[in-house]
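Single-structure report; data block below.
The values are calculated or read from the model by the stated rules, or taken from the named source; none is laboratory data. Every value quoted in this text rests on a predicted model; they were computed, and no experiment measured them. As a convention, Cβ positions derive from the backbone with ideal geometry for all residues, glycine included, and neighbour counts pool all protein chains shown.
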Amino acid sequence: MINQREWLQTRKKLLEQVKSQVQIRIGPLPDSLRHYAKNQNKDFRGKWVPGTMRDLNQALAKAKVALSGDFHAYAQSQRAHVRLLRDHVSRPIILALECLLPRHQEVAESYLHGRISEKQFLDSVEWSKNWGFPWENYRPLFELARDRGCKIVALGGSGGVSLPKHDIWMTKQILRAHRTDPEALVFVVVGEWHVASAHLPRLLKSKLPGVSDVAVFHQDIEQLYFKLAVTNQESAIELLKGGKARFCLMVSPPWMKWQSYLMFLEQAYDRDLQEDLAIDYSDHVVSLIELLEADLKVSLKKTLVQVYCSNSKTSLSRLRLSFPVKQEKCLVYHLEHGLSFLIPQKGWMYLSRPTINHASALAGQFVHAALSQREQMPWNLPHDFLPLIWLEAVGFFFSKSINPKRKAETLANVRLQLAARHPGDNGRKALLLALDHRLSEVLWVQTGRLRRAQFKPRDMSAYLDAARIVGSMLGERLFQKVRSRTISLAKLMSYLKVNVEGQDFSKFYWKLIGETEHDQVL
């Protein structure tokens, strides 16, 4: 989209802004904590090279203990632990978790064995009070432990004890777990500071002297990310390898986890105040709009931006405005199924989930609406099917520009989501419509002939869901073309300024498909 140096500068600026906002929320760190955290930076001054899945599998197969650094407020961090265990470990597992207090270990085992419900477990361990980070993020870890029959070891509860002393205590618990089952892998999910070489790894290696006995996994380290970004490799490389069985999983850009932390802190702050007001995410979205403005070298009016979420105290009647009946049904469908959307004529946004991907997609749609001067909702379906696909593509494209690691949904995930929304037909109509439209796109690219749609459902929701599927594919292709400079910034801007409500939009759409898709397959 822009030259790599400018791209890096804007992302570094975003990261520093978000980290400074976090610092304001949590206050200055005590000197002891700052010194403890600083030790982590020393680990990334040496040589780190791209790793392979074979490297990772071998390390996990040889290790007696695996330390997996956790960024507690970021769901992608917890998913990374699950993927490591699910996809790369086939031996018995002992799961050691910082999120559990030792006195709650028996309760956790009762939950994993099905003797108590999830609610009883959360109430008994007082999850919100004792850990506080979203249970939804950690649930997959516990589900994996239940499915694989893992033993659980509780490592939480440093309390007033210093972190170095807590490391010593955790080391004893980890080694005790290893001695109970020497053939099992003790997989430790613990805060990322603890896995710095000077902390848990040093203590464990003094007792487990084998070179391969302790494997360490970091995530999304900013120094390593920006080194990759200098050579435009940050999106392509997903695993880096250091010396002595150390790895860094490049799950997402570093600003993503810090933005998630900031959102988490604001939710916690709001709860502490016990205000009867929903959290206002408008500032978050505006900051993302400003980042996109810098990328595009434009300046837009943002004073009207207002973000609502599921618990906003705004009545549905206000959001409905004066929509026609057909469009009002689309609005209700979005609200009922947790789908984000923008009402451009008001600058209002509905953020269904407080995630960076959702927020950045809305920011991108706002930028596009301003550039194209769009004011109407593309909800006159099926007439607005092509404009709706393009708007979904724009949202996905801009979310990728903020999170280059974001991937379009797999067909399996799409099927699961659609099945949940449409238990009657498992989303069959939306899938058939999406596939039928993709066939038309591929044939157009290959033959230059437009094919009539063969599948024309009457169900409005099928068009909404199919547009999201096809739009994410188009947004992915557009992002790759722009980042590779196959499509210039000037060309991109010409796309974004096209009036989606104009009579010639269909011509633009099919020309766009031809310019963004080469040698693509269904």
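Could you pull out the residue among A108, A73, A154, A145 that is within 30 Å of E183 (Cβ to Cβ), in the same structural domain as E192 (by TED's automatic domain parsing) and touching a Pro at 6+ places or on another chain (Cβ under 8 Å)?
On inspection, the qualifying residue turns out to be A154.
Being closer than 19 Å to F264 by Cβ and at pLDDT below 95, is that true of even one residue in the range 44-59?
no
May I ask you to list pairs of residues, at least six apart or on different chains, whose Cβ atoms are under 7 Å apart, with the first in the range 170-181 being part of a helix (DSSP H, G or I) and the second being surrounded by fewer than 16 Cβ atoms within 10 Å (Cβ to Cβ)?
So the pair list comes out as L175/K207.
I need a count of the residues in the range 72-81 that are crowded, with 24+ Cβ neighbours inside 10 Å and either part of a loop (DSSP other than H, G, I, E, B) or among the aromatic types (F, W, Y) (or both).
Adding up the residues that qualify gives 1.
Evaluate the following for Y261: is it closer than 18 Å to N357 by Cβ, outside the structural domain of F398 (by TED's automatic domain parsing) and either among the aromatic types (F, W, Y) or modelled with pLDDT under 75 (or both)?
Yes, satisfied.
Please state which one of L8, L33, L29 is more than 30 Å from S484 (Cα to Cα) and either surrounded by 13 or more Cβ atoms within 10 Å (Cβ to Cβ) or at pLDDT 85 or above (or both).
L33
Is it the case that some residue within the range 268-279 is at pLDDT 90 or above, among the small types (G, A, S) and either surrounded by fewer than 21 Cβ atoms within 10 Å (Cβ to Cβ) or outside any helix (DSSP H, G or I) (or both)?
The answer is no; no qualifying residue exists.
Taking W379 as the residue in question, decide whether it is modelled with pLDDT of 90 or more and buried (at least 22 other Cβ atoms within 10 Å of the Cβ).
yes
When both residues are 6+ apart or on different chains and their Cβ atoms are under 9 Å apart, which pairs have a first residue that lies in the range 369-384 and is within 16 Å of Q327 (Cβ to Cβ), and a second that is among the hydroxyl-bearing types (S, T, Y)?
Going by the 9 Å Cβ cut-off, the qualifying pairs are L381/Y463; P382/Y463; D384/Y463.
Output the qualifying pairs, or none if there are none: Cβ atoms under 7 angstrom, residues six or more apart or on different chains, first residue in the range 453-470 and not assigned by TED's automatic domain parsing to the domain that holds L331 and of a type in the set (D, E, K, R), second residue in a loop (DSSP other than H, G, I, E, B) and buried (at least 19 other Cβ atoms within 10 Å of the Cβ).
none
Given L95, L33, L84, L15, which one is within 28 Å of D123 (Cβ to Cβ), outside any loop (DSSP other than H, G, I, E, B) and either without any contact (Cβ under 8 Å) to a residue 60 or more places away in the chain or not aromatic (F, W, Y) (or both)?
Result: L95 is the single residue among L95, L33, L84, L15 that is within 28 Å of D123 (Cβ to Cβ), outside any loop (DSSP other than H, G, I, E, B) and either without any contact (Cβ under 8 Å) to a residue 60 or more places away in the chain or not aromatic (F, W, Y) (or both).
Which of the residues belonging to the range 489-503 are under 16 Å from P387 (Cβ atoms) and assigned to a helix (DSSP H, G or I)?
Within the range 489-503, Y495, L496 qualify.
Quickly run through the range 460-488 and pick out the residues that are small (G, A, S) and assigned to a helix (DSSP H, G or I).
Those that are small (G, A, S) and assigned to a helix (DSSP H, G or I): S461, A462, A466, A467, G471, S472, G475.
Of the residues that sit in the range 306-325 and are under 23 Å from the mean Cα position of the chain (by Cα) and at pLDDT 70 or above, which one is farthest from E375 (Cα to Cα)?
Filtering first and then ranking leaves S310.
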